[in-house]
């Protein structure tokens with residue numbers, strides 16, 4: 001690998017040439033990973049009525065470069081982190097449209113994590129693939 005020298009105009013043309021394909025690959029990687037996390041979370045989600053499992057979805061922002069996988073069901077954080085004495089210590093979920101929830105004083109429900117494990121299963125592979133995309137475009 002040699003050293004390439006650029007004038008500012010050449011640099012801008014070079015950057016414009018790789019920016020579109022770089023962004024397209026990055027958006028594709030984010031989408032594939034987010035949908036894989038969503039599928040794993042749905043698979044691992046405990047089911048009583050199916051409402052929580054059916055609410056797990058993926059939302060994108062920043063042109064597809066940011067993905068959020070989650071649920072808008074109010075009891076989702078209590079299933080993920082548990083409640084009462086069995087709940088995750090120090091975790092205080094914020095539920096919109098209601099009073100600040102409490103984990104309570106009772107024994108409570110054990111955590112049944114479904115979302116965090118799904119995310120953790122894909123973290124390393126996402127990082128490896130993102131690094132490969134960066135390296136491929138950097139070496140052009």
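The values are calculated or read from the model by the stated rules, or taken from the named source; none is laboratory data. Everything quoted here is computed from the prediction, not taken from an experiment. Note that each Cβ is placed from the backbone with ideal geometry, even for glycine, and that neighbours are counted across all protein chains shown.
For (1) more than 20 Å from residue 31 (Cβ to Cβ); (2) at pLDDT 75 or above, each residue gets a yes or a no:
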{"site": "67", "(1), (2)": "no, yes"}
{"site": "70", "(1), (2)": "no, yes"}
{"site": "79", "(1), (2)": "yes, yes"}
{"site": "84", "(1), (2)": "yes, no"}
{"site": "101", "(1), (2)": "yes, no"}
{"site": "114", "(1), (2)": "yes, yes"}
{"site": "120", "(1), (2)": "no, yes"}
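For region 114-129, give me each residue that is part of a helix (DSSP H, G or I), within 24 Å of residue 54 (Cα to Cα) and touching a residue at least 40 places away in the same chain (Cβ under 8 Å).
115, 117, 118, 119, 121, 122 - these are the residues of region 114-129 that are part of a helix (DSSP H, G or I), within 24 Å of residue 54 (Cα to Cα) and touching a residue at least 40 places away in the same chain (Cβ under 8 Å).
Considering region 40-53, and only residues there that are surrounded by fewer than 17 Cβ atoms within 10 Å (Cβ to Cβ) and either within 13 Å of residue 71 (Cα to Cα) or touching a strand residue (DSSP E or B) at 6+ places or on another chain (Cβ under 8 Å) (or both), the residue that is modelled with the lowest pLDDT turns out to be 50.
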